[in-house]
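Notes to accompany the following structure.
The values are calculated or read from the model by the stated rules, or taken from the named source; none is laboratory data. Remember, it's a predicted structure, so these values are computed and weren't measured experimentally. So basically every Cβ, Gly included, is an ideal-geometry build from the backbone, and we count neighbours across all protein chains shown. SASA here: full protein model, heavy atoms, side chains in, ligands and nucleic acids out. Shrake-Rupley method; radii C 1.70, N 1.55, O 1.52, S 1.80 Å.
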Amino acid sequence: MFSLLPAWLAYAGAVALAAGLFLLQRLRVRPRVVVLPSAMLWRLAAIEAPPRTLYQRFRGWPAYLLSLLLVLLLWSVVVGLQRAPEAALGRHVFYLDNSVLLTPDGRLDRARQALLDDVARVPAAQREVVLGDALGTRLLAPGEPLGLLQTRLQAVAAEIRPSTFAGWARQRPSPGGEPLTLHYYGAWPAAEAARPPAGARLAWGYVAPAVPNNRGIVSLGAWPARSGTWGRVDVLVGTMAQQGAAPDLGQLSFSLDGRPFSADGARAAGPAAWVLRDVVADGRTLRVALRQGDAFAADDAAALVLPRLQRVAVAVGPGVPTAVADVIRHDPSLQRVDEPQAQVVVRAGGEGASAAPALRLVPAASQASAFAVKVPGPTQPDAGATLVALGLSGLEAGPLADRLNRSIGIDLETGPRREIAAWRELFEEGAGFTRDAAMPLFVSRSLHWLATPAPWASHVRAGHAMRWSSPDETSTASNEPAAVGAFVPGAGAAVIDGHTVTASLLDEGQSRAAGLAPPAPVRAEADEARPNGTWAWDAAEVALVLALLLLLVEWQAYRRGRMP
């Protein structure tokens with residue numbers, strides 16, 4: 001078998017080399033002693049007896065065969081000669097789990113070295129190496145030389161995210177009748193719950209040791225302030241310890257965009273959890289860290305980008321009912337401005353147009369439904385989620401229908417931009433909607449929704465899906481891309497849907513797993529067991545060694561005059 005050229009081309013090249021070497025062997029110099037009566041006749045004698053000719057009896061078969069063997073050995077190295085697969089050995093898949101439990105110093109290096117040692121023991125055609133990243137990248141395909149793996153492993157680094165080995169092993173196809181061994185290199189807690197496919201065996205290659213008494217930060221999130229103050233959020237912080245008491249507030253440091261931040265006003269929210277009330281939501285990054293870290297640094301700090309809660313600029317047109325204008329005037333999240341500076345416009349009637357999205361209060365005779373909502377996007381919007389975003393999910397439609405003698409309906413459709421049209425009669429004193437708690441909620445949330453505020457994530461965990469929320473803690477709840485949950489591959493800053501987020505580990509399971517020691521049988525297998533228990537030689541490497549030895553033999557024979 002050959003890995004670098006097709007078999008027919010490899011054999012054709014070998015035949016061509018043998019033929020060329022045969023011709024060269026016949027053209028070798030043949031010394032001949034000629035006695036001339038005069039030195040002036042040397043030119044004529046050279047013409048009559050040339051030193052090279054193709055028309056003589058072939059001699060020197062041992063020398064030809066030795067040279068041919070040397071050339072063919074070198075050719076086998078060029079075309080990538082491999083051993084034939086051994087059915088009894090089966091297939092071996094090596095999995096390097098570069099997740100968070102290998103981040104402590106030296107663990108990944110030891111795992112890489114153990115991996116290289118074990119891969120070298122299996123024939124190239126029966127081995128495969130997979131990296132435990134989000135994509136399951138193949139580091140070495142069957143048949144590829146070991147040198148490629150050494151080069152590719154240099155670019156591999158441990159990442160702050162949970163392990164994906166269990167899910168990868170579950171999706172691995174069954175090997176059928178061929179034996180399959182999955183070799184795992186990582187941390188025992190990440191693989192002990194894995195269920196390999198039927199017919200496959202899990203073997204421990206390298207098992208990371210436990211981190212003694214790990215402590216870390218396992219919760220960090222922000223929500224709209226419970227006090228109701230606009231532009232503020234409440235922040236939840238939680239810690240854990242493998243043994244003993246978890247770190248308290250005095251053992252934590254806080255900063256906003258790198259500047260120290262005081263958490264003196266924090267209140268307990270449970271065991272090893274605190275809430276920081278009314279933190280200014282101005283888009284800065286809040287970072288929480290242990291004042292004294294440990295060997296597992298991945299959970300020693302966490303960061304979160306706080307939302308930027310800005311007031312919505314609203315222009316109010318003439319003829320707008322007083323109830324609506326009063327809500328806008330008293331809502332701290334809304335700011336009344338002139339129309340040229342407005343993000344949203346409130347209009348009475350259907351006349352006039354504006355560049356900004358509008359809440360239009362139209363006569364009931366002009367549309368069949370009490371509320372008509374247009375949502376941009378290629379698909380029909382989610383009705384339930386949109387009602388929550390607009391504050392209409394708790395609307396008591398029965399009493400309103402009785403007073404207006406009309407059914408209260410909501411019409412959702414797609415359009416070029418966000419727009420809301422509502423019956424003007426709903427906001428008159430006699431309709432009763434102005435005395436309903438849903439009315440100011442509808443006005444406020446509708447104007448925010450029309451302004452399309454920047455979404456924000458209440459918490460972002462590495463290796464998990466996240467979902468955008470609106471400033472009032474509801475989902476963005478539409479058919480727009482920003483409402484779709486996004487997967488965060490690892491810790492650190494990232495740009496998702498055009499918005500910057502910062503992910504942290506925030507995984508109590510991983511933090512506790514870092515301190516779990518593998519059982520004795522697992523450690524013994526990782527220290528002693530190796531694939532097949534024997535050295536699996538590489539055919540190309542053996543051919544190269546033999547070629548070098550034959551070259552030395554040929555050189556010695558030539559020096560001693562035994563090679564023509």
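Among residues that are assigned to a loop (DSSP other than H, G, I, E, B), modelled with pLDDT of 85 or more and under 30 Å from THR502 (Cα atoms), SER458 is included. The criterion of at least 3 residues that are surrounded by fewer than 17 Cβ atoms within 10 Å (Cβ to Cβ) and at pLDDT 90 or above is met by the following strands (runs of 3 or more DSSP E) wholly inside region 240-305: 252-256, 267-270, 273-280.
Cβ-Cβ contacts under 7 Å between residues 6 or more apart (or on different chains), taken from a first residue in region 8-21 that is modelled with pLDDT under 75 to a second residue that is open to solvent by 30 Å² or more (accessible area, probe 1.4 Å) and not in a helix (DSSP H, G or I), are listed as ALA10/PHE2.
Conditions first: (1) in contact with a strand residue (DSSP E or B) (Cβ under 9 Å, 6 or more places away or on another chain); (2) modelled with pLDDT under 95; (3) open to solvent by less than 80 Å² (accessible area, probe 1.4 Å). PRO332 passes all but one, so which condition is the exception? Tallying (1) in contact with a strand residue (DSSP E or B) (Cβ under 9 Å, 6 or more places away or on another chain); (2) modelled with pLDDT under 95; (3) open to solvent by less than 80 Å² (accessible area, probe 1.4 Å), PRO332 fails exactly one: (1). Those helices (runs of 4 or more DSSP H) of region 487-564 in which at least 2 residues are out of contact with any strand residue (DSSP E or B) (no Cβ under 8 Å at 6 or more places or on another chain) and at pLDDT below 65, considering only elements entirely within it, cover 520-528. Only helices (runs of 4 or more DSSP H) whose full extent lies in region 140-222 are considered here, and none of them has at least 2 residues that are open to solvent by 10 Å² or more (accessible area, probe 1.4 Å), within 18 Å of LEU108 (Cα to Cα) and of a type in the set (A, V, I, L, M). Residues that are open to solvent by less than 10 Å² (accessible area, probe 1.4 Å) and aliphatic (A, V, I, L, M) within region 114-137 comprise LEU115, VAL119, VAL122, VAL129, VAL130, listed in sequence order.
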